[in-house]
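Enquirer: There's a structure below that I have some questions on.
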Amino acid sequence: MHRSLLARFRQGHRTHRFPREAPTLPPLYRGMPRIQSEKCASGCTRCQEVCPTDAITFQSGKPTLDMGHCLFCGLCETACPADALTFSRDYRLAVNRRQGLIVGDGEADRAALVETANRVFRRSLRLRQVSAAGCNACEADTNVLGTLSFDLGRFGIQFVASPRHADGILVTGPVSENMKLALQKTLDAVPAPKVVIAVGACAIGGGPFRGHDEVHNGVQDIPVDLYIPGCPPNPWTILDGLLRMLGIETPATQK
Amino acid sequence: MTEYRPEYRNVAAVPLKDIAQSEMASFRTQVQERVAAGGLVLSFFGAPIDMEMNLICVIGQAETGALHVFRTAVGESYPALTPTIPQVHWFEREIAEQWGIRPEGHPWLKPIRFMQRAYNGKNILSADGADVQVGVTDYYSMEGREIHEVAVGPVHAGIIEPGHFRFQCHGETVFHLEIELGYQHRGIEKALVGGPHKRTPFFMETLAGDSSIAHGIAYAQLMQALTGTQASTRAEYIAAIALEFERLANHTGDLGALAGDIGYLPTLSYNGRLRGDYLNMTGLICGNRFGRNLVVPGGVNFDLSPDTVSELKKRLDVIFRETRISVDLLWATPSVMARFENTGVVKKEDGIALGWVGPAARACGIEVDARAHFPFGAYREIKVPVASQESGDVYARARTRWQEMENARTFIDTALSTLPDGKVRADVDVMRKGALASNTLVVSLTEGWRGVVCHTAITSGEGRFAAYKVVDPSFHNWFALAMSLRDEQISDFPLCNKSFNLSYCGHDL
């Protein structure tokens, strides 16, 4: 008994003061992409060529990056000879409409997320997680929110065992053919009103598996209320998305 | 005695012409003799070579570090090896599913991933060629008074990947657990053929997303063999450091989860936080907590600055000390030990017969570890002791993992202190036409935190992948979980399951 008390004392208090304080992110962290097309050399499409998931497209000579497909691998940033495409340390990537994931010149638009914050679940949000062919990275970085470092419970958010007890589902993975029915049945079992959250490039658009016969390119044919991009999204990115969806303000990355 | 073919070492590039095609009878004899001599079947698969279907069997001999590769031509069926070599039972089901080749006499032939059809369009596993529906198949069942069946999944209660479990129970006692997977099938192996492509390295890192480094190294060193590139020693050290951090993070998380499954909350809470600290150290190396985009053919994408090296040392020292305090509570708490000991016991002889790998095998006395027996990269220079236990229960699996964590910590300390100088990435463009040796086979092994990872590539005459076979350690070990539940209480399933913590997507590919 004294041993466990001593251990408790030596482990200390570890819950991060988020959202009062900004999270700590690794120095090499790749967050919100930033495009400055005026720096682009005429006709240069190096970023597009190296992108493994075709997340970058050119329209009238200017690149746009679809975070819904982006793996945040940074190959485009390395390939760009003009520093026109860089990844910032901004971890707040979640949006509530698909179009909001498309980044062009200048600051990305994320105001929409706050405007329609879901007040119904403001004080209590119960979620059922469905892994639909996720590789266990998005799952792990969602699961970690339950640890004492993040302490998801203090925001009134909880992952529950049954869809009958849930206010919505959080989906990871590209939605394999073999999980399509189970995903639909789980969603059907959630009582309305309900939210659908797509976490990670796979759930948003299929990720690296987009176009495979065996997958359905993520959550399609189901309205999605919140998109959290990344491969996998950092836990802070997921937590930020959940909180902003509920109308809770989150801090910007520390400079 | 049959004449033996030459032995190969881990990551050797072998011209296909040196692996002569045997007659089926001779192939079977050779495989049987190698297995009888203590060989582990690392991979056994169908591959089209020069328009002809071949069966390829890769066997590893731990004592000598030798790899043996056998090959035979095959038609629509062949006499199954499973009745004499139980450890190929899962492989032969896979061959039947992927290529529509029937292993005649297989005792339990059914799908393993519920692919809609084989690569060549065949479908021999559903009655009358009916459409394949995941989870719909013949299950082992029992009848009798008070016998009941419990079905769980594919969607489970926690934040965890999907799979379907069926327990045949009498009261609380489980007679048999049948595990049906395939829900995670993403068609990766099919997409690898004809590569390498732009997406190939990203498939490797998501084969099992908690083992990105283990699969990433397996791919990188395989490509180095095919292109005749050598990664620098410094790069090999950095990759191995990342692999050990991956092991530390996952073992820490699992030891915490084991404590959680028996309601012992202190270690659950502390380890949940500590696991994240190990992931964050990987994040410090490359910006991503899972080490994505760190290991590449030719070396690593990120060098370690002297500041990062000292920061890693400092953090590891503190965090490992805190981990030890947390984990030591398990061994010192009688109510924890009472639940760990004699729960989910598996036997060494079953493990040898069924070909288990990794900590699950080592916990019942089967000492196979690719780092020691088939050394690769930095493990050729810094030796890692093989952790093992004898009792084969949940305690033994937990204890083996803890021993491996201590070894991992020592390894990282040594590697950081003796990090050689040099470039971290050799210039190699694997996408360039003609970059890869043609008509060549490479077997590449690494030791992930669940056990041996085996990648086998066969290149075509044009130097593209004619076949790329991935065997995640979970592929060997799912049946070990089923065995651990026999005569066990069904309420102990979560505990037994977590002591293995196998990968669904690594199995389903």
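Enquirer: Taking amide H positions as placed 1.01 Å from N in the peptide plane, with prolines and chain starts having none, which residues 5 or more places from A:LEU125, or on another chain, fall under 5 Å of its amide H?
Expert: The answer is A:ILE157, A:GLN158.
Enquirer: Taking the Cα atoms of the range A:115-245, what is the range of coordinates along each of the three principal axes, in descending order and whole Å?
Expert: If we take the Cα atoms of the range A:115-245, the spans are 41, 30, 29 Å.
Enquirer: Based on Cβ point charges of +1 for Lys and Arg and -1 for Asp and Glu, what charge dipole magnitude is obtained for chain B about its Cα centre, in debye rounded to the nearest 20?
Expert: 1160
Enquirer: Could you work out the per residue convex hull volume over the alpha carbons of the range B:440-497, in cubic angstrom?
Expert: In the range B:440-497, the Cα hull volume divided by residue count equals 82 Å³.
Enquirer: Taking H as built 1.01 Å from N, whose amide H comes closer than 5 Å to the amide H of B:TYR78, not counting residues under 5 places away?
Expert: The list, which skips near neighbours in sequence, is B:ARG102, B:GLU104.
Enquirer: Report the local net charge at B:LEU192: Lys and Arg +1, Asp and Glu -1, summed over other residues whose C-beta lies under 11 Å from its C-beta.
Expert: +3
Enquirer: Which values of log₁₀ I(q)/I(0), to two decimal places, follow from the Debye formula for chain A at q = 0.16, 0.17 Å⁻¹ with a uniform point scatterer at every Cα?
Expert: -1.18, -1.30
Enquirer: So how strong a dipole does the range A:115-245 carry about its Cα centre when Lys and Arg Cβ are +1 and Asp and Glu Cβ are -1, to the nearest 20 debye?
Expert: 540
Enquirer: Which entries of B:LYS347/B:LYS498; B:LYS110/B:LYS190; B:LYS17/B:LYS469 have Cα-Cα distances beyond 28 Å here?
Expert: none
Enquirer: OK, next. Just from the alpha-carbon atoms, what are the Rg and Dmax of the range B:295-444 in angstroms?
Expert: For the range B:295-444, the Cα radius of gyration and maximum Cα-Cα distance read 19.9, 62 Å.
Enquirer: Just to be sure I understand: of the beta bridges DSSP finds with both ends in the range A:150-255, what percent are antiparallel, rounded to 5?
Expert: If I count the DSSP bridges inside the range A:150-255, around 10 percent turn out antiparallel.
Enquirer: Cα centroid distance between the range B:387-407 and the range A:188-255, in Å?
Expert: Each part reduced to its Cα centre gives a spacing of 37 Å.
Enquirer: Can you give the angle from 0 to 90° between the axis of helix A:177-189 and the longest principal axis of chain A, with both taken from C-alpha atoms, to the nearest 10?
Expert: The angle comes out near 50 degrees.
Enquirer: What trypsin sites (Lys or Arg not before Pro) does the range B:354-413 have in DSSP loop regions with at most 15 other beta carbons within 10 Å?
Expert: Passing sites in the range B:354-413 are B:LYS383.
Enquirer: Follow-up question, since we're still on this one. Compute the accessible area per residue over chain A, keeping the other protein chains in place, probe 1.4 Å, unit Å².
Expert: On a per-residue basis, 43 Å².
Enquirer: Between B:GLY299 and residues 5 or more places away or on another chain, which pairs have amide H atoms under 5 Å apart, with H built 1.01 Å from N, and which residues are they?
Expert: When sequence neighbours closer than 5 places are left aside, the close amide H contacts are B:ALA426.
Enquirer: Only helices at least 15 Å long along their axis, Cα-based, and averaging 0.0 or more on Kyte-Doolittle count here, so list those DSSP H runs from chain B.
Expert: Membrane-span-like by this criterion, though nothing is claimed about a membrane: B:212-227, B:233-261, B:265-286, B:473-484.
Enquirer: HN-Hα J couplings of the range A:219-230 from phi, Karplus 6.51/-1.76/1.60, θ = phi - 60°, integer Hz, Gly and Pro as x?
Expert: Once rounded to whole Hz, the list reads 6, 10, 6, 10, x, 9, 8, 8, 10, 10, x, x.
Enquirer: How many Cβ atoms of partner chains, on average, are near each residue of A:210-220 if near means within 10 Å of its Cβ?
Expert: Across the residues of A:210-220, the mean count of other-chain Cβ atoms within 10 Å is 3.
Enquirer: Mind checking the angle between helix A:235-245 and chain A's longest principal axis? C-alpha axes, 0 to 90 degrees, to the nearest 10.
Expert: The angle comes out near 80 degrees.
Enquirer: With N set to the number of residues, divide the alpha-carbon radius of gyration of the range B:13-129 by 2.2 N^0.38 Å and report two decimals.
Expert: Normalised by 2.2 N^0.38 Å, the Cα Rg of the range B:13-129 equals 1.06.
Enquirer: While we're on this one: Can you list, largest first and rounded to whole Å, the semi-axes you get for chain B by taking the square root of 5 times each eigenvalue of its Cα gyration tensor?
Expert: 33, 32, 20
Enquirer: Ok, one more. Would you please name the chymotrypsin sites (Phe, Trp or Tyr not before Pro) within the range B:123-174 that are DSSP coil residues with at most 16 other C-beta atoms within 10 Å of their C-beta?
Expert: Here the chymotrypsin sites (Phe, Trp or Tyr not before Pro) that fit, given the DSSP loop and packing criteria, are B:TYR139, B:TYR140.
Enquirer: Count, for each residue of B:211-217, the Cβ atoms from other chains sitting within 10 Å of its Cβ, then give me the mean as a whole number.
Expert: Neighbouring Cβ atoms belonging to other protein chains average 1 per residue here.
Enquirer: Nearest 10 degrees is fine. How inclined is helix A:2-11 to the longest principal axis of chain A, computing both from alpha carbons?
Expert: 30
Enquirer: The range B:102-162: which trypsin sites (Lys or Arg not before Pro) are DSSP loop and have at most 10 other beta-carbon atoms within 10 angstrom?
Expert: For trypsin sites (Lys or Arg not before Pro) across the range B:102-162 that sit outside H, G, I, E and B with at most 10 neighbouring Cβ atoms in 10 Å, the list reads B:ARG145.
Enquirer: Right, something else. Based on Cβ point charges of +1 for Lys and Arg and -1 for Asp and Glu, what charge dipole magnitude is obtained for the range B:321-423 about its Cα centre, in debye rounded to the nearest 20?
Expert: For the range B:321-423, the charge dipole is close to 140 debye.
Enquirer: Same structure again: Using +1 at the Cβ of each Lys and Arg and -1 at the Cβ of each Asp and Glu in the range B:300-379, identify which of B:ILE366, B:LEU304, B:LEU329 lies farthest towards the dipole's positive end.
Expert: Ranked along the dipole, the leading option is B:LEU329.
Enquirer: Roughly how many Å is it from the Cα centre of the range B:154-217 to that of the range B:13-29, as a whole number?
Expert: 31
Enquirer: Calculate the radius of gyration of the Cα atoms of the protein assembly as shown to one decimal place, then report Dmax, the largest Cα-Cα distance, as a whole number, both in Å.
Expert: Both quantities, over Cα of the protein assembly as shown: 25.0, 79 Å.
Enquirer: If you count, for every residue in A:1-14, the Cβ atoms of partner chains within 10 Å of its Cβ, what is the mean?
Expert: Counting other chains' Cβ atoms within 10 Å and averaging over A:1-14 gives 4.
Enquirer: Name the residue from A:VAL160, A:PRO81, A:ALA182 whose Cα lies farthest towards the positive end of the charge dipole of chain A, charges +1 on Cβ of Lys and Arg and -1 on Cβ of Asp and Glu.
Expert: A:VAL160
The values are calculated or read from the model by the stated rules, or taken from the named source; none is laboratory data. No experiment lies behind these values; they were computed from the predicted model shown. Counting neighbours? That spans all protein chains shown, and the Cβs are built from the backbone with ideal geometry, glycine included. Just the protein is used for accessible areas: all its heavy atoms, side chains included, with ligands, DNA and RNA removed. Shrake-Rupley method; radii C 1.70, N 1.55, O 1.52, S 1.80 Å.
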